[in-house]
Amino acid sequence: MVIKRVEPLSCAKIAGILYAALGAIIGVLVALFSLSGAFASDSFGGAGLGAIVGVGAIVIAPLFYGCLGFVFALIAAALYNVAAGFVGGVELDVQ
């Protein structure tokens with residue numbers, strides 16, 4: 001079985017979802033670290049900033065990772081199709 005062509009938009013949608021899930025995990029970790037730093041701070045300004053950064057990371061990181069994953073997977077799939085046209089694609093041995 002030889003993969004000669006990959007649909008770029010289909011590949012990009014799947015990668016976007018996977019990278020958004022990864023961004024959600026990273027956002028939660030950043031939020032936990034920034035909130036723990038906010039609780040350790042003895043000044044009120046530092047605690048408020050840590051809370052804003054923590055909550056913002058949960059929203060921004062999945063969007064950022066998802067969008068970048070979508071765009072780069074779209075480019076990679078298009079480049080794969082060009083390269084597969086020259087060399088014939090990737091050969092898979094399935095049972």
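Which of the numbered conditions does SER43 fail, given that it passes all the others? Conditions: (1) modelled with pLDDT of 90 or more; (2) surrounded by fewer than 16 Cβ atoms within 10 Å (Cβ to Cβ); (3) not hydrophobic (A, V, I, L, M, F, W, C).
The failed condition is (1).
Being modelled with pLDDT of 85 or more, in a loop (DSSP other than H, G, I, E, B) and either within 23 Å of the chain's Cα centre (by Cα) or surrounded by 13 or more Cβ atoms within 10 Å (Cβ to Cβ) (or both), is that true of even one residue in segment 68-89? Before the answer, list the steps.
At the first step, the residues of segment 68-89 found to be modelled with pLDDT of 85 or more are 68-89.
So of that shortlist, the ones also in a loop (DSSP other than H, G, I, E, B) come out as 88-89.
If we keep only those that are either within 23 Å of the chain's Cα centre (by Cα) or surrounded by 13 or more Cβ atoms within 10 Å (Cβ to Cβ) (or both) too, we end up with 89.
Taking every residue of segment 68-89 in turn, at least one turns out to be modelled with pLDDT of 85 or more, in a loop (DSSP other than H, G, I, E, B) and either within 23 Å of the chain's Cα centre (by Cα) or surrounded by 13 or more Cβ atoms within 10 Å (Cβ to Cβ) (or both).
Mind checking which residues of segment 1-29 are of a type in the set (Val, Ile, Thr) and either within 22 Å of PHE86 (Cβ to Cβ) or surrounded by 18 or more Cβ atoms within 10 Å (Cβ to Cβ) (or both)?
Just the residues of segment 1-29 that are of a type in the set (Val, Ile, Thr), to begin with: 2-3, 6, 14, 17, 25-26, 28.
Within segment 1-29, VAL2, ILE3, VAL6 meet the criteria.
The values are calculated or read from the model by the stated rules, or taken from the named source; none is laboratory data. Since this is a predicted model, take the numbers as computed values, not measurements. Please note: Cβ atoms are built from the backbone with ideal geometry, for glycine as well, and neighbour counts cover all protein chains shown.
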